[in-house]
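Comments concern the structure below.
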Amino acid sequence: MATSSGSTGEGRADGDTGRASDVVADGSRGGGGAQGGETVEKERSNEPSERRKPSPAGGGEDTGAGATPGATPRKGGAGAAGKDTPAVQTPLAWSVRSHVWSNGCDHRYLIDKSPDDVPPPPMAQDAEAWASSQGAVHGGTTNIEAAIEPRGDEPVTINAVHVRKTSTGTPLPWSAFAMSSGCGGEVTQAAYRVDLDKPRPVLKPQQGGDSTHKWDPPALPFRVTDDEPLSLLIHANTEDYDVRWYLEVEWSSGDESGAIRIDDQGAPFRTSSLKGRPLYDYDTLNGSWYSWPVDAPADESATPAP
């Protein structure tokens, strides 16, 4: 992963001809790396030199005792200095939730099991533990909530947030399981959307609102203080691939600058296409999964799973 000393609003290349990075808000960068049998570009190895594996919110080491996997956001705080400066400890702390369901009730997971072997869907707050126990991968969309704040008293400017792809491969040939047969509300949250199928994925703002008002997500650059952290909701989508990716956040504070990586406990986030996959919803009355077309409306009649 490449880092740079701030953001100028221009797309930048840093060494590899024809390799673009994936950026948000201020230009265009690219990325990619192969894994397994996937056909992808290799990710560059010049990642931030000081990156600490995220620990659960609240700081300290994760002992596992008393933890609530689905409800506790993970926290991190080490990054790298700008490209031409010595490595420094980042002045930022962050937390992330990667199992966020749309409207708190709608999400799909890909699981390499038959419906008979998959337990009933969990409550939204227990999604991470449930997905981990099933070896599940986000189907079609990954929603993440990230919060970034200064570690000390000095304000820090967030100059840009980049989407970095580490691999792009063939979609998983697994079954998809819906966490809800459909839900919705009058209020939508302001967020950023990113199309992971693009060679250069760029975060694009999406207004939130209700029947009478509209509002925008936070604009970058953004100055974070103790009183005003940066909160981001990101919807990452793929229709064609199995994509591994993470966020890179560029910061500056006084004469120092650098970047932090936001990921899933040291591993990239993962989102795989639902295209052509059998989809199952859960019948709470019969206590079993039933099948319906991937593109069917939630209220369309369905066929019980065989």
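The values are calculated or read from the model by the stated rules, or taken from the named source; none is laboratory data. Since the structure is predicted, the reported quantities are computational estimates derived from the model, not experimental observations. In this analysis, Cβ positions are derived from the backbone assuming ideal geometry, glycine residues included, and neighbour counts consider all displayed protein chains. Heavy atoms of the whole protein, side chains included, go into the accessibility calculation; ligands, DNA and RNA do not. Shrake-Rupley method; radii C 1.70, N 1.55, O 1.52, S 1.80 Å.
Below are the figures for this structure:
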{"read-out": "Relative packing of 210-218, 163-171, which averages over residues the other C-beta atoms within 10 Å, highest first", "value": "163-171, 210-218"}
{"read-out": "By average C-beta atoms within 10 angstrom, highest first, the peptides 102-109, 226-233, 140-147, 247-254", "value": "247-254, 140-147, 102-109, 226-233"}
{"read-out": "Evaluated at q = 0.10, 0.16, 0.19 Å⁻¹: base-10 log I(q)/I(0), Debye formula over Cα of segment 87-212", "value": "-0.44, -1.02, -1.25"}
{"read-out": "Simple spin-label estimate for residue 151 and residue 132 in nanometres, 7 Å along Cα-Cβ", "value": "2.4"}
{"read-out": "Nonlocal amide H pairs with residue 172, under 5 Å, H built at 1.01 Å", "value": "273"}
{"read-out": "Cβ crowding within 10 Å averaged over residues, with 274-282, 118-126 ranked highest first", "value": "274-282, 118-126"}
{"read-out": "Share of carbon and sulfur in the accessible heavy-atom surface of segment 120-194 [1.4 Å probe, %]", "value": "48"}
{"read-out": "Solvent-accessible heavy-atom area per residue, rounded to whole Å², over segment 84-234 at 1.4 Å", "value": "46"}
